[in-house]
Amino acid sequence: METSKVFNVTCANISFAGLLVQFCIFESAIWGGAKLSDLLELVGVSHHTAITSLGGKHAEFTSIDQCPEENGGPYKASIPLDQATNPAADVLLAYEMNGEVLNRDHGYPLRVIVPGVIGARSVKWLDRIDIIEEESQGFFMQKDYKMFPPSVDWDNIDWSTRKPQMDFPVQCAICSLEDTNVLKKGEVIVAGYAVSGGGRGIERVDISVDGGKTWLEASRCQKSDVPYVSCDVTSDKWAWVFFKAVVDITEDSTIIAKAVDSSANVQPERVETIWNLRGILNTSWHRIRLQIAP
(Lines give C-alpha, C1' and ligand atoms only; values in the text may rest on other atoms or scores of the structure.)
Protein backbone atom coordinates (compact mmCIF):
# COMPACT_ATOMS: atom_id res chain seq x y z
CA MET A 1 0.00 0.00 0.00
CA GLU A 2 1.38 3.41 -0.98
CA THR A 3 1.82 5.92 1.83
CA SER A 4 3.25 9.39 2.44
CA LYS A 5 4.56 10.66 5.77
CA VAL A 6 6.67 13.48 7.17
CA PHE A 7 9.94 12.08 8.50
CA ASN A 8 13.20 13.51 9.77
CA VAL A 9 16.47 11.89 8.74
CA THR A 10 19.18 12.76 11.23
CA CYS A 11 22.89 12.32 11.69
CA ALA A 12 24.25 11.03 15.00
CA ASN A 13 25.03 14.46 16.50
CA ILE A 14 28.78 14.20 15.94
CA SER A 15 30.38 17.37 17.19
CA PHE A 16 33.76 16.91 18.74
CA ALA A 17 35.50 13.83 17.33
CA GLY A 18 35.46 12.51 13.81
CA LEU A 19 33.15 14.85 11.90
CA LEU A 20 33.02 18.36 13.31
CA VAL A 21 29.42 19.58 13.27
CA GLN A 22 28.17 22.33 15.56
CA PHE A 23 24.81 20.66 16.05
CA CYS A 24 22.82 17.94 14.41
CA ILE A 25 22.26 17.78 10.66
CA PHE A 26 18.58 17.20 9.87
CA GLU A 27 16.57 16.53 6.77
CA SER A 28 12.80 16.78 7.03
CA ALA A 29 10.63 15.83 4.08
CA ILE A 30 7.40 14.19 2.98
CA TRP A 31 8.52 10.72 1.89
CA GLY A 32 6.34 8.61 -0.38
CA GLY A 33 6.60 4.87 -0.89
CA ALA A 34 5.54 1.49 0.46
CA LYS A 35 5.66 0.35 4.05
CA LEU A 36 8.30 -2.31 4.60
CA SER A 37 5.92 -4.19 6.90
CA ASP A 38 3.42 -4.57 4.05
CA LEU A 39 6.07 -5.76 1.62
CA LEU A 40 7.36 -8.34 4.07
CA GLU A 41 3.82 -9.57 4.69
CA LEU A 42 3.44 -10.15 0.95
CA VAL A 43 6.43 -12.51 1.01
CA GLY A 44 5.23 -14.41 4.07
CA VAL A 45 6.64 -12.47 7.04
CA SER A 46 3.60 -11.36 9.03
CA HIS A 47 3.14 -8.07 10.83
CA HIS A 48 4.73 -7.97 14.30
CA THR A 49 7.09 -10.88 13.61
CA ALA A 50 10.14 -10.80 15.89
CA ILE A 51 11.71 -14.05 14.68
CA THR A 52 10.95 -16.16 11.62
CA SER A 53 10.61 -19.95 11.55
CA LEU A 54 14.18 -20.07 10.20
CA GLY A 55 15.56 -17.89 12.98
CA GLY A 56 15.67 -14.52 11.20
CA LYS A 57 15.66 -11.64 13.65
CA HIS A 58 16.96 -8.70 11.60
CA ALA A 59 16.19 -7.01 8.28
CA GLU A 60 19.40 -6.09 6.48
CA PHE A 61 19.49 -3.40 3.81
CA THR A 62 22.28 -3.52 1.22
CA SER A 63 23.09 -0.60 -1.06
CA ILE A 64 24.66 -0.58 -4.50
CA ASP A 65 26.94 2.15 -3.12
CA GLN A 66 30.46 0.82 -2.62
CA CYS A 67 32.61 2.36 0.08
CA PRO A 68 36.26 2.10 1.16
CA GLU A 69 35.30 1.19 4.72
CA GLU A 70 33.85 -2.05 3.31
CA ASN A 71 37.00 -2.64 1.20
CA GLY A 72 35.05 -1.72 -1.90
CA GLY A 73 31.98 -3.69 -0.85
CA PRO A 74 28.46 -2.27 -0.43
CA TYR A 75 27.17 -0.08 2.36
CA LYS A 76 24.79 -2.06 4.57
CA ALA A 77 22.81 -1.71 7.78
CA SER A 78 20.07 -3.57 9.61
CA ILE A 79 17.19 -3.07 12.03
CA PRO A 80 15.43 -5.59 14.30
CA LEU A 81 12.78 -7.61 12.50
CA ASP A 82 10.07 -6.67 14.99
CA GLN A 83 10.64 -3.04 14.00
CA ALA A 84 10.64 -3.84 10.27
CA THR A 85 7.36 -5.76 10.53
CA ASN A 86 5.56 -3.27 12.79
CA PRO A 87 3.22 -1.04 10.72
CA ALA A 88 3.31 1.62 13.46
CA ALA A 89 7.10 1.91 13.08
CA ASP A 90 6.49 3.37 9.60
CA VAL A 91 9.67 1.97 8.03
CA LEU A 92 9.36 3.01 4.41
CA LEU A 93 10.74 1.94 1.05
CA ALA A 94 10.74 5.43 -0.44
CA TYR A 95 10.68 6.38 -4.10
CA GLU A 96 9.27 9.90 -3.70
CA MET A 97 10.40 12.96 -1.77
CA ASN A 98 8.15 16.00 -1.36
CA GLY A 99 5.82 14.75 -4.07
CA GLU A 100 8.50 14.22 -6.69
CA VAL A 101 10.46 11.20 -7.84
CA LEU A 102 13.41 10.62 -5.54
CA ASN A 103 16.53 12.25 -6.97
CA ARG A 104 19.93 10.62 -7.23
CA ASP A 105 21.52 12.39 -4.27
CA HIS A 106 18.70 11.23 -2.00
CA GLY A 107 18.82 7.58 -3.06
CA TYR A 108 17.08 7.13 -6.45
CA PRO A 109 15.49 4.85 -7.42
CA LEU A 110 14.73 3.39 -3.98
CA ARG A 111 15.89 3.95 -0.44
CA VAL A 112 14.93 2.94 3.08
CA ILE A 113 13.59 5.46 5.58
CA VAL A 114 13.78 4.29 9.20
CA PRO A 115 12.20 7.09 11.24
CA GLY A 116 13.19 7.76 14.82
CA VAL A 117 16.71 6.36 14.52
CA ILE A 118 19.99 7.80 13.24
CA GLY A 119 20.20 8.33 9.49
CA ALA A 120 22.98 5.77 9.05
CA ARG A 121 20.27 3.07 9.07
CA SER A 122 18.23 4.70 6.27
CA VAL A 123 20.14 3.09 3.42
CA LYS A 124 20.15 4.86 0.05
CA TRP A 125 20.31 3.27 -3.42
CA LEU A 126 18.77 0.05 -2.10
CA ASP A 127 19.84 -3.16 -3.84
CA ARG A 128 18.42 -5.92 -1.64
CA ILE A 129 16.75 -6.79 1.67
CA ASP A 130 17.69 -9.94 3.56
CA ILE A 131 16.22 -11.45 6.70
CA ILE A 132 19.20 -12.57 8.77
CA GLU A 133 19.81 -14.17 12.17
CA GLU A 134 22.28 -11.64 13.57
CA GLU A 135 22.52 -7.89 13.04
CA SER A 136 24.41 -6.69 9.97
CA GLN A 137 28.18 -7.06 10.14
CA GLY A 138 28.71 -3.98 7.95
CA PHE A 139 31.41 -1.50 8.97
CA PHE A 140 28.96 1.25 9.92
CA MET A 141 27.04 -1.15 12.16
CA GLN A 142 30.05 -2.72 13.86
CA LYS A 143 32.91 -0.19 13.81
CA ASP A 144 31.21 3.19 13.84
CA TYR A 145 28.23 4.91 15.45
CA LYS A 146 28.65 3.28 18.84
CA MET A 147 28.69 5.15 22.14
CA PHE A 148 31.50 4.25 24.54
CA PRO A 149 32.13 5.35 28.13
CA PRO A 150 34.72 8.08 28.86
CA SER A 151 37.26 5.45 29.93
CA VAL A 152 37.59 4.12 26.37
CA ASP A 153 40.20 5.56 24.02
CA TRP A 154 41.71 4.53 20.69
CA ASP A 155 44.25 2.31 22.48
CA ASN A 156 41.77 0.14 24.40
CA ILE A 157 38.63 0.30 22.24
CA ASP A 158 36.79 -2.98 21.68
CA TRP A 159 33.99 -2.38 19.18
CA SER A 160 32.28 -5.66 20.03
CA THR A 161 31.37 -4.46 23.55
CA ARG A 162 28.73 -1.99 22.35
CA LYS A 163 25.59 -2.32 20.27
CA PRO A 164 25.11 -0.15 17.17
CA GLN A 165 23.39 3.15 17.89
CA MET A 166 19.79 3.24 16.74
CA ASP A 167 17.59 5.67 18.67
CA PHE A 168 18.72 9.25 19.34
CA PRO A 169 18.16 11.54 22.35
CA VAL A 170 16.04 14.66 22.67
CA GLN A 171 17.66 17.78 21.25
CA CYS A 172 16.98 21.27 19.97
CA ALA A 173 18.77 24.06 18.13
CA ILE A 174 18.30 27.81 17.89
CA CYS A 175 18.13 28.80 14.23
CA SER A 176 17.09 32.46 14.39
CA LEU A 177 20.34 33.72 15.92
CA GLU A 178 24.08 33.19 15.58
CA ASP A 179 27.07 33.82 17.83
CA THR A 180 28.19 36.57 15.49
CA ASN A 181 25.02 38.63 15.92
CA VAL A 182 25.38 42.16 17.33
CA LEU A 183 21.93 43.48 18.21
CA LYS A 184 20.24 46.56 19.60
CA LYS A 185 18.60 46.41 23.00
CA GLY A 186 15.02 45.24 22.92
CA GLU A 187 12.92 42.29 21.86
CA VAL A 188 14.61 39.34 20.16
CA ILE A 189 12.96 36.29 18.58
CA VAL A 190 14.46 32.97 19.68
CA ALA A 191 13.25 30.25 17.32
CA GLY A 192 14.38 26.85 16.11
CA TYR A 193 13.51 23.16 16.10
CA ALA A 194 13.31 20.34 18.63
CA VAL A 195 13.08 16.59 18.06
CA SER A 196 13.49 13.30 19.88
CA GLY A 197 14.10 9.77 18.65
CA GLY A 198 11.76 6.82 18.80
CA GLY A 199 8.71 8.88 17.86
CA ARG A 200 8.66 10.66 21.22
CA GLY A 201 6.97 14.05 21.22
CA ILE A 202 8.36 17.34 22.48
CA GLU A 203 6.74 18.22 25.79
CA ARG A 204 8.36 21.64 26.09
CA VAL A 205 11.32 23.82 25.10
CA ASP A 206 12.83 26.06 27.76
CA ILE A 207 14.66 29.31 26.95
CA SER A 208 17.08 31.22 29.15
CA VAL A 209 18.59 34.64 28.45
CA ASP A 210 20.86 34.75 31.50
CA GLY A 211 22.99 31.65 31.04
CA GLY A 212 20.55 29.25 32.70
CA LYS A 213 19.68 31.12 35.90
CA THR A 214 16.04 31.63 34.91
CA TRP A 215 13.86 30.07 32.23
CA LEU A 216 10.72 30.68 30.20
CA GLU A 217 8.75 28.24 28.05
CA ALA A 218 8.67 28.67 24.28
CA SER A 219 5.59 28.07 22.15
CA ARG A 220 5.61 24.95 19.93
CA CYS A 221 4.04 24.10 16.59
CA GLN A 222 4.26 21.73 13.63
CA LYS A 223 1.39 22.87 11.42
CA SER A 224 0.37 26.50 11.23
CA ASP A 225 -3.35 25.90 11.74
CA VAL A 226 -3.24 22.96 14.19
CA PRO A 227 -2.21 23.31 17.87
CA TYR A 228 0.73 21.04 18.70
CA VAL A 229 0.07 18.48 21.42
CA SER A 230 2.89 16.08 22.26
CA CYS A 231 2.09 12.51 21.15
CA ASP A 232 -1.39 13.47 19.92
CA VAL A 233 -2.80 11.76 16.82
CA THR A 234 -2.83 15.15 15.07
CA SER A 235 0.96 15.47 15.44
CA ASP A 236 3.67 14.03 13.19
CA LYS A 237 5.60 11.85 15.62
CA TRP A 238 8.60 11.45 13.30
CA ALA A 239 8.94 15.14 12.39
CA TRP A 240 10.61 18.03 14.13
CA VAL A 241 8.71 20.56 16.25
CA PHE A 242 9.28 24.28 15.84
CA PHE A 243 9.63 26.53 18.88
CA LYS A 244 9.52 30.30 19.34
CA ALA A 245 9.91 32.78 22.17
CA VAL A 246 10.21 36.56 22.28
CA VAL A 247 12.69 37.76 24.89
CA ASP A 248 13.99 41.13 26.02
CA ILE A 249 17.74 41.66 25.73
CA THR A 250 19.36 44.59 27.55
CA GLU A 251 23.01 43.50 27.73
CA ASP A 252 25.47 40.98 26.32
CA SER A 253 23.78 37.64 26.89
CA THR A 254 24.07 33.88 26.52
CA ILE A 255 20.77 32.51 25.22
CA ILE A 256 20.13 28.82 25.91
CA ALA A 257 17.54 26.41 24.57
CA LYS A 258 16.86 22.95 26.03
CA ALA A 259 14.11 20.51 25.14
CA VAL A 260 12.16 17.94 27.14
CA ASP A 261 10.45 15.03 25.39
CA SER A 262 7.26 13.15 26.22
CA SER A 263 9.19 10.60 28.30
CA ALA A 264 10.64 13.43 30.44
CA ASN A 265 14.10 13.05 28.91
CA VAL A 266 16.01 16.35 29.17
CA GLN A 267 19.05 17.53 27.26
CA PRO A 268 22.28 17.39 29.29
CA GLU A 269 23.71 20.74 30.32
CA ARG A 270 27.26 20.34 29.00
CA VAL A 271 29.08 18.17 26.48
CA GLU A 272 31.70 17.25 29.09
CA THR A 273 29.15 15.10 30.92
CA ILE A 274 28.46 12.95 27.86
CA TRP A 275 31.90 12.89 26.25
CA ASN A 276 32.66 9.72 24.30
CA LEU A 277 35.46 8.67 21.97
CA ARG A 278 33.52 8.74 18.71
CA GLY A 279 31.79 11.97 19.62
CA ILE A 280 28.25 10.87 18.86
CA LEU A 281 25.01 11.96 20.51
CA ASN A 282 26.21 15.35 21.67
CA THR A 283 22.82 16.80 22.52
CA SER A 284 23.87 19.29 25.19
CA TRP A 285 22.11 22.62 25.64
CA HIS A 286 22.37 24.88 22.60
CA ARG A 287 23.96 28.20 23.51
CA ILE A 288 24.13 31.41 21.50
CA ARG A 289 26.25 34.36 22.69
CA LEU A 290 24.83 37.76 21.73
CA GLN A 291 26.45 41.18 21.89
CA ILE A 292 24.59 44.44 22.33
CA ALA A 293 25.60 47.22 20.00
CA PRO A 294 27.22 50.20 21.74
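The values are calculated or read from the model by the stated rules, or taken from the named source; none is laboratory data. Small disclaimer: the values here were computed from a predicted structure and weren't measured. When we count neighbours, we look across all protein chains shown, and the Cβ atoms used for this are built from the backbone with ideal geometry, even at glycine. Just so you know, the surface numbers come from the protein's heavy atoms only, side chains and all, with ligands and any DNA or RNA stripped out. Shrake-Rupley method; radii C 1.70, N 1.55, O 1.52, S 1.80 Å.
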Between ASP210 and LEU183, what length comes free when the chain is fully extended (0.36 nm per residue of separation minus the Cα-Cα distance, one decimal in nm)?
8.1 nm
Percent relative contact order of region 175-287, based on C-alpha pairs within less than 8 angstrom and at least six residues apart?
30 percent
Which shape class applies to region 54-95: rounded if a/c is under 1.5, otherwise prolate when a/b exceeds b/c and oblate if not, where a ≥ b ≥ c are the square roots of the Cα gyration tensor eigenvalues?
oblate
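At 1.4 Å probe size, with every protein chain present, just tell me what the per residue accessible area of region 170-292 comes to in Å². The partial results should precede the final answer.
Details: 6020 Å² over 123 residues.
I get 49 Å² per residue for region 170-292.
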Run the numbers for ILE157 and ILE132: contour at 0.36 nm per residue of separation, minus the present Cα-Cα distance, in nm.
6.3 nm
Spherically averaged projected area in nm², based on the convex hull that wraps the Cα atoms of region 252-292:
3.7 nm²
Enter the mean projected area of the convex hull around the alpha-carbon atoms of region 21-104, in nm², rounded to one decimal.
7.8 nm²
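Over all directions, average the projected area of the Cα convex hull of the chain and note it in nm². Don't skip to the end; give the middle numbers.
Working: hull surface 70.2 nm².
Seen from a random direction, the Cα hull of the chain projects 17.6 nm² on average.
Starting from the Cα gyration tensor of region 104-211, take the square roots of the eigenvalues, sort them a ≥ b ≥ c, and report rounded, prolate or oblate (rounded when a/c is under 1.5, otherwise prolate if a/b is larger than b/c, else oblate).
Working: a/c = 2.57, a/b = 1.68, b/c = 1.53.
Prolate.
Given Cβ point charges of +1 (Lys, Arg) and -1 (Asp, Glu) and nothing else, what value in debye, to the nearest 20, does the dipole of the chain about its Cα centre take?
Numbers: 27 positive and 39 negative charges, 67 e Å.
The dipole of the chain has a size of about 320 debye.
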In the P(r) worked out for region 39-151, what percent of Cα pairs fall beyond 17 Å?
57 percent
Can you give the Rg to Rh ratio of region 114-159, both from alpha-carbon atoms, with Rh computed by the Kirkwood formula?
1.04
Can you pull the Kirkwood radius for region 165-294, inverse mean 1/r over Cα pairs, to one decimal in Å?
15.4 Å
When the accessible area of the chain is split by element with a 1.4 Å probe, what percent falls to carbon and sulfur?
52 percent
